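Data block below; observations after.
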Amino acid sequence: MACALLNGRAVPSSPRLIPTCLCVFSFLVTYLCYSALFSADAVIMQAPRDLPRGCRRSPVDGGGKRRLQKSVSCVLPFEEGERDPVRALPRRNDTLSSPPVTAKFGNKKLPNAIIVGVKKGGTRAVLEFIRIHPDVRAVGTETHFFDRNHDRGLDWYRSLMPRTLEGQISMEKTPSYFVTADAPRRIAAMSRHTKLIVVVRDPVTRAISDYTQTLTKTPDLPSFQELAFLNQSQGLVDVSWNAIRIGLYALHLECWLRHFPLEQIHFVSGERLITDPAGELGRVQDFLGLKRIVTDKHFYFNRTKGFPCLKKPESSVSPRCLGKSKGRTHVQIDREAVEQLRDFYRPHNVRFYEMVGFDFRWD
């Protein structure tokens, strides 16, 4: 084109114009080639990349800038000013930076069975002994849901339960349930199929054990006789004192029988739990519908504590005995006071024997 213009204005026969035209033409061709080359590179660099499934770009403002929409599967390199989507996601194969993942098996469910009482009767021993059964999972601490925390709801209660697999039993124990007036109704509202375990003990011995435990926490406590009697010379017992009232087993059992049939409640003898732990645990396993796996081979008698302990399991270096608060020496109580309490409890005990169909021989 440049040569044509020059030729149109210049004398056609001039031989000097031919080299000039060739030079200008070469320059134009070179310019067009370089322009085309750089234009193609720019197109290639700005062309949208093939995005994996789940990623696409969308406008973020009126300036024409585009960024990746948020997507779990989007792992493209991030643009300047954007958050790195790769760092925002967990790296399953990055064993150095990612914390170890612990698999959780089973589900949390409401308890199939509850040890509902009684305090200082041997409930901790029953829980520790039965939980070595492979089909039993139990909460270690007392939940106090049906007496103190009921307003938190069943979801909160379920969250405290251990994870269980199909066929396993979930349990908890809170001895104060047995003497809580609302506990039977509340447990029945949760499930009328819940199995209940009550560990009972001679009410006189139980009251002295209860007092002994309280005395360790409150050293300036009045004497046992002062708390147990309204008038000891007349043999008037103070049933308002909790240590005495808990031992009125028949009175409390009446509340439970309004909501649960007797066959749904199993009674463990606190005395036989000491002399024959395997026998008592065998009956507990039968009641729960479990195979008798916890047997006499699991126990030995600790003469220092005066209580049976679990033999050393393979995973431990020492036997499993209950804590220092279990098996402690009782406070010595005047013999006359003990006999007066036995006379007081006798008719209540007989009534309890008749209700459960078993004589515990506490006299």
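The values are calculated or read from the model by the stated rules, or taken from the named source; none is laboratory data. What you see is a predicted model; the values in this text were computed from it and never measured. Cβ sites come from the backbone with ideal geometry, for glycine too, and all protein chains shown count toward neighbours. Side chains are part of the model used for accessible areas, which takes the heavy atoms of the whole protein and leaves out ligands, DNA and RNA. Shrake-Rupley method; radii C 1.70, N 1.55, O 1.52, S 1.80 Å.
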- Message: Net charge within 15 Å of VAL204 by Cβ-Cβ distance, Lys/Arg positive one each and Asp/Glu negative one each, not counting VAL204 itself?
- Response: 0
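Please give the contour-minus-distance gain from ARG163 to ASP151: 0.36 nm per residue of separation, less the Cα-Cα distance, rounded to one decimal in nm. Write down the numbers at each step before the final one.
Details: separation 12, 0.36 × 12 = 4.32 nm, distance 2.31 nm.
Between ARG163 and ASP151, full extension yields 2.0 nm more.
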- Task: For VAL237, enumerate residues with amide H under 5 Å from its amide H, sequence gap 5+ or separate chain, H modeled in the peptide plane.
- Result: LEU230
- Message: Please compute, over every Cα-Cα pair in the range 131-247, the percentage with a separation greater than 23 angstrom.
- Response: 46 percent
- Residues whose placed amide H lies under 5 Å from that of ALA138, excluding near-sequence neighbours: MET171
- Message: Given axes a ≥ b ≥ c from the Cα gyration tensor, I'd like to know whether the range 170-229 is rounded (a/c under 1.5), prolate (a/b larger than b/c) or oblate.
- Response: prolate
- Area of TRP256 that stays accessible when all protein chains are in place (1.4 Å probe, Å², to 10): 0 Å²
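Evaluate 2.2 N^0.38 Å with N set to the residue count of the range 214-314, then give the Cα radius of gyration divided by it. List each step's numbers first, then the result.
Details: Rg = 19.1 Å, N = 101, 2.2 N^0.38 = 12.7 Å.
So the range 214-314 has a normalised radius of gyration of 1.50.
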- Message: With a 1.4 Å probe and all protein chains left in place, how much of the accessible area of the range 186-305 comes from carbon and sulfur atoms, in whole percent?
- Response: 51 percent
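Do you know the relative contact order of the range 111-208, to the nearest whole percent, from alpha carbon pairs under 8 angstrom that are 6+ apart?
Reported relative contact order: 49 percent.
Only loop residues by DSSP count here, and only those with at most 15 other Cβ atoms within 10 Å; note down the chymotrypsin sites (Phe, Trp or Tyr not before Pro) in the range 202-233 that meet that. Numbers along the way, then the final one.
On the way: sites: TYR211, PHE224, PHE229; in loops: none.
Answer by residue number: there is no such site.
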- In order through the range 338-355: 3J(HN,Hα) via Karplus (6.51 cos²θ - 1.76 cosθ + 1.60), integer Hz, x for Gly, Pro: 4, 5, 5, 5, 5, 5, 5, 7, 3, x, 5, 5, 4, 5, 5, 4, 5, 5
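For VAL200, VAL331, write out the residues from largest to smallest accessible area, computed with a 1.4 angstrom probe and no ligands counted. List each step's numbers first, then the result.
Working: VAL200 0, VAL331 50 Å².
Ranked from most to least accessible, the order is VAL331, VAL200.
How do SER233, SER159, SER209 rank by accessible surface area computed with a 1.4 Å probe, from largest to smallest? All intermediate terms of the calculation are to be shown ahead of the outcome.
Values: SER233 110, SER159 55, SER209 10 Å².
Putting SER233, SER159, SER209 in descending order of accessible area: SER233, SER159, SER209.
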